[in-house]
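Remarks on the structure that follows.
The values are calculated or read from the model by the stated rules, or taken from the named source; none is laboratory data. For clarity, every value in this text was computed on a predicted model and none was experimentally measured. When we count neighbours, we look across all protein chains shown, and the Cβ atoms used for this are built from the backbone with ideal geometry, even at glycine. All accessible areas refer to the heavy atoms of the entire protein, side chains included, with ligands and DNA or RNA removed. Shrake-Rupley method; radii C 1.70, N 1.55, O 1.52, S 1.80 Å.
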Amino acid sequence: MSGAPPSGPKVLWLARWEYRFHAWRERRARARGQKPTVAAFPGYGGEDWVRVLGRVLIVPPLRSRRGGEFAGVRGWRSFASVPVGFAQVTVTIDGVSHEVVADRGGVIDTVLPARQAPGWQPLTMSVEGSDPVETRAFVVGKDTSFGIVCDVDDTVMVTALPRPLVAAWNSFVLDEHARQPVPGMAVLLERLVRDHPGSPVVYLSTGAWNVAPTLVRFLRRHLFPPGALLLTDWGPTHDRWFRSGRAHKSENLRRLAREFPHVKWMLIGDDGQHDDDLYTAFTSDFPDHVTAVAIRQLSAAEAVLAGGRTAVNDHSAARVPWVTGPDGAELLERLADVGVVDVTP
């Protein structure tokens, strides 16, 4: 069973209510004989450590259609799962087991010691004696000098997320198979990875951890290169109604710069949220940690759905190549123009 929440600063009443509501849902699910499991997500690490990511959930049973075919996977199922707060999880890396504790929302985000070779390496997670769930972490070699940080919403996946009604439709109703990739973005990312063997890919999004399984399947289905996922928890905190997506992105960019001082990042985003502004600030503060920035320009219709544009007009302070375009093909061409991508046959 999950333990009681640890003592700490005074929590906003909504956060307390949320925890009690999920605890009530957990008790009901356990009374029906349902057991928690770990949704394990791709992580990353260095040659002597690994950042392990996942979430402990009780997942509602999936009813199938006649003939054994499952119905289309709707977004609401991800949010119907019951998070199990403060659950104890066993993480096994290269035969060594570690005991970690999930946070209040069931999220596992911890750094563990492990000496592994560069590249994708397996690890497993289990909770309450359940069967181990396998995932992977990308270990960045000490001689790696290039990496990719890519936004998700309206950069690789057409979502128009900032507008509440559209976000609700995309997140809770839409069949995941109906979600559309941004044209040319998979080719752009694959080309960057091919030109820089051994480079890490990090998908950094303000999306909730609930959609991580859907996102992993989407990236695989549309042939995006695999990478670590850095999402967030939409729930309330001790001092605000919802977590700040902007702060989430900024903190993780700066964390990557600290963790991999030898890596220069290719930053990819769009002008419909705050990527342009965030990347401008990050490149101004950490110019030696950025190779270039590529910003996808939303169409007029997409910009309306996204609530407008947030483009920055002056990028001179960034002192790195900065390109824009409406899709992956245009961005690839612009990156070739500035010498970031090699166009030599």
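3J(HN,Hα) along the stretch 29-35: 5, 5, 5, 8, x, 7, 10 Hz, from the Karplus curve 6.51 cos²θ - 1.76 cosθ + 1.60 with θ = phi - 60°, whole Hz, x for Gly and Pro.
Whenever you get a sec, line up 17, 209 from highest to lowest accessible area (probe 1.4 Å, protein heavy atoms).
Working: 17 140, 209 15 Å².
Heavy-atom accessible area, descending, gives 17, 209.
Each residue was assigned an accessible area with a 1.4 Å probe, and for residue 111 the value is about 70 Å².
For residue 142, the accessible surface of its heavy atoms amounts to roughly 150 Å² (probe 1.4 Å, protein chains only, rounded to the nearest 10).
Distance between the 7 Å Cα→Cβ label points at residue 142 and residue 92: 3.0 nm. Between residue 27 and residue 285, residue separation times 0.36 nm minus the direct Cα-Cα distance comes to 88.1 nm. In this simple spin-label model, placing a label point 7 Å from the Cα along the Cα-to-Cβ direction at both residue 80 and residue 187 gives a separation of 3.9 nm. Would you mind counting up the charge near residue 200? Only other residues with Cβ under 15 Å from its Cβ, with Lys and Arg at +1 and Asp and Glu at -1. Charge balance in the 15 Å sphere: +2. For residue 128, the accessible surface of its heavy atoms amounts to roughly 90 Å² (probe 1.4 Å, protein chains only, rounded to the nearest 10). For the stretch 78-122, the orientation-averaged shadow of the C-alpha convex hull comes to 4.1 nm² (one quarter of the hull surface). In this structure, the amide hydrogen of residue 133, modeled 1.01 Å from its nitrogen in the peptide plane, lies closer than 5 angstrom to those of 125, 126, counting only residues at least 5 positions away or on a different chain. Compared with the direct C-alpha span, the chain from residue 115 to residue 337 gains 76.0 nm at full extension, assuming 0.36 nm per residue. Once the C-beta distance of residue 99 and residue 180 is scaled by a Förster radius of 45 Å, the resulting FRET efficiency is 0.60 to the nearest 0.05.
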